[in-house]
Amino acid sequence: MAELPSDLIVPQRDDILGQAIPFDRERWLSHLPDAGWWPDELDACPRVGRWHRVDRRTVFHVADRARTAVGRRQLLVASLVWGTGTKARSVDRRARIFRESTAVEIDTRLASGLGLLQRRGAAPAYYTLNNDHHIPRLGAAFFTKVLYFAGHDQPVGRWRPLILDSVVARALRAADRGTRWPVRGWTTPQYTRYLSLTHDHARQAGVLPDQVEAALFDYGKRLT
């Protein structure tokens, strides 16, 4: 089994849930198909300086409605907002999702991925959003955020879904010599290995898997 780096620092769960990202409300609203995609929870987020800030705990609250079409739309938006920050170019890049697919196409693909998550678990959901029901411009770094918020605290099957992005992959390249970890474009077997690795270490450390994911993210940032 791959070993995590010895200097990995695993944060407390409350610190994970409180991880807050600033966002530009007006810029996001200008890109959405209509205002119904915007979750009310984001309007209640505290303002720090110029921007409101959304934390993981808030996005988990939005995810409580993910069994409805409107709830899935709002979970997608909340996940994108939390993962993007305030840079105009970054927001515009994420918002291409809404220009390159219709609302019906997004609804259908989200329903397929999150339906599989609820019935069969993280790996099948990852496969379908990465293949048969891929949403153009929604790469794994962001659709795993949607899966994470929808399923981490209500797991089905062997593994809780976790976020996999280029920073986490950088940490995995340093820690896991048993597989190849590209910058992007991870296969379902690679995602499954990541889930297995993080869950094994979470059990050993007596923490939740998203605490290990956050620790890998912080470690990956230090490798740049």
Residue count, segment 196-213 (criterion: touching a residue at least 40 places away in the same chain (Cβ under 8 Å), in a loop (DSSP other than H, G, I, E, B) and either farther than 15 Å from Leu8 by Cβ or not β-branched (Val, Ile, Thr) (or both)):
1
Quickly run through segment 214-224 and pick out the residues that are farther than 12 Å from Leu164 by Cβ and either assigned to a helix (DSSP H, G or I) or in contact with a strand residue (DSSP E or B) (Cβ under 6 Å, 6 or more places away or on another chain) (or both).
Ala214, Ala215, Asp218, Tyr219, Lys221, Arg222
For segment 184-195, indicate whether the set of residues that are assigned to a helix (DSSP H, G or I) and aromatic (Phe, Trp, Tyr) is non-empty.
yes
Can you pull out every residue in segment 147-160 that is touching a residue at least 40 places away in the same chain (Cβ under 8 Å) and either in contact with a Pro (Cβ under 8 Å, 6 or more places away or on another chain) or part of a helix (DSSP H, G or I) (or both)?
Tyr148, Phe149, Ala150, His152, Trp159, Arg160
If we keep only residues of segment 33-90 that are in contact with a strand residue (DSSP E or B) (Cβ under 8 Å, 6 or more places away or on another chain) and β-branched (Val, Ile, Thr), then the residue farthest from Gln12 (Cα to Cα) is Thr86
Within segment 171-190, which residues are closer than 17 Å to Gln211 by Cα and touching a Leu at 6+ places or on another chain (Cβ under 6 Å)?
Ala171, Ala175
Checking Ala103, Ala122, Ala205, Ala111 in turn, the sole residue that is small (Gly, Ala, Ser) and at pLDDT below 95 turns out to be Ala205
Sole miss for Arg177 among (1) outside any helix (DSSP H, G or I); (2) under 18 Å from Leu17 (Cα atoms); (3) not acidic (Asp, Glu) is condition (2)
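The values are calculated or read from the model by the stated rules, or taken from the named source; none is laboratory data. Because the structure is predicted, anything quoted here is derived from the model rather than measured. Reconstructed Cβ throughout: ideal geometry from the backbone, glycine too, with neighbour counts over all protein chains shown.
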